[in-house]
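One structure is given here, and the rest of the page talks about it.
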Amino acid sequence: METLISVILPVFILIGFGYLAAWRGFFTKSNVDGIMRYATSFAVPVLLFRAIASLDLSADYDLAMIASFYTGAFISFLAGVLGARYLFGRNWEDATAIGFVCLFSNSVLLGLSITERAFGSEALAGNYALVSIHAPFCYGLGIAVMEFIRARSTAKRRIVPQVLKGMFSNAIILGIALGFIVNVAQISLPSPVNSAVTLMAASALPVAVFAIGGVLYRYRPEGDMRIIFYCCGISLFLHPAITWTLGTNLGLSLDSFRSAVLTSTMAPGINVYLFASMYGRAQRIAASTVLIATAASVGTIWLWLLVIP
């Protein structure tokens, strides 16, 4: 219970403040869009740029940790796609969008916040390593599969350009890429620039978490509730269970194990709705899953934290 109170509830209370502000009209839709855009297009990319630029690439990129997390993510994607197609009778394009819902954990806005509160900022190195390839992996997989399916009636040469466009028009990926450049080239930022980066990075997580509440207010549980609960189950239980099993068998260090498993317990992020909207597929299911899974994760994250060493 102490974990629930000290680690999880502060984050979700901040989400609640954002929800309440939008509900009572203190923040309009445009206000919420503005702070979410600031968070996802500026502050969070700067946070990730700063983190990746200072990572010890040889020490923090634990291949066993990455394999544990992303094997779980890939299997969750397959379970989402095949379940949507064969259990719920969705067409392949809808099924791909639903698979993306099961694939994309909220690794940044919630994952970093929860891990920091649970294990301290020194435990975030593994999270940053996972986050640095999260968007490229997930968007690359989702866009490639969707474009391959759509290319059955169009030119297949469009697949690679579409994948690259979808990935490198994302500010988070650009921030990560610049961080790698600074890290590998060992570029030292001027002191005033470094101070400005630090100031903006410090605002990223609280602003983003508050903004999540405002965005979630717009969503209403709509669509096929059976498939929504199916997506919630994959995201909140199947993915972390696979990551836990692989991480245990691969002998991950304690910090790597914590980062991999806890990140995998996060609910789907806002990006799943953006992906669904980009293709006009399964949007209500994506939005409703974000809302319900985020609310349910108050309890499920607590349960996973009870069994994480």
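No lab work stands behind these numbers, since they all come straight from the coordinates. It should be emphasised that the depicted structure is a prediction, and the values quoted were computed from it without experimental measurement. Note that each Cβ is placed from the backbone with ideal geometry, even for glycine, and that neighbours are counted across all protein chains shown.
Here is the P(r) of the chain: all C-alpha pair distances, binned every 10 Å from 0, give 6, 27, 37, 24, 5, 0 in whole percents.
When the chain is treated as a Gaussian network with alpha carbon springs shorter than 10 Å, the biggest mean-square fluctuation among 203, 113, 68 belongs to 203. Here's the picture: charge each Lys and Arg Cβ at +1 and each Asp and Glu Cβ at -1 in segment 22-151, and of 133, 102, 28 the one pushed furthest to the positive end of that dipole is 28. Alpha carbon centre of segment 50-101 versus segment 237-304: separation in Å? Each part reduced to its Cα centre gives a spacing of 9 Å.
In a Gaussian network model over the chain where Cα atoms closer than 10 Å are linked, find which of 45, 240, 192 has the largest mean-square fluctuation. Highest fluctuation among the options: 192. The simple spin-label model puts a point 7 Å past each Cα toward its Cβ; for residue 303 and residue 253 those points are separated by 3.1 nm. Taken about its Cα centre, segment 1-152 carries a charge dipole of roughly 600 debye when the Cβ of each Lys and Arg holds +1 and the Cβ of each Asp and Glu holds -1. Mean projection of the Cα convex hull over all viewing directions, computed for segment 24-114: 9.1 nm². Each label was represented as a point 7 Å from its Cα along the Cα-to-Cβ direction; for residue 74 and residue 189 these points are 3.4 nm apart. Mean residue ellipticity at 222 nm, helices only, the chain: -23500 deg cm²/dmol; runs of at least 4 DSSP H residues each add -39,500 (n - 2.57), and the sum is divided by the number of residues. Eigenvalues of the alpha-carbon gyration tensor of segment 7-158, scaled by 5 and square-rooted, set the equivalent ellipsoid semi-axes at 30, 24, 16 angstrom, largest first. Here is what passes the span test in the chain: the DSSP H helices with alpha carbon length of 27 Å or more along the helix axis and a Kyte-Doolittle mean of 0.0 or above are 63-82, 125-150, 191-218, 283-307. Comparing 61, 70, 273 in a Gaussian network model of the chain where C-alpha atoms under 10 Å apart are linked, the largest mean-square fluctuation is found at 61.
Charges were assigned to the Cβ only: +1 to each Lys and Arg, -1 to each Asp and Glu. The resulting dipole of the chain about its Cα centre is roughly 1140 debye.
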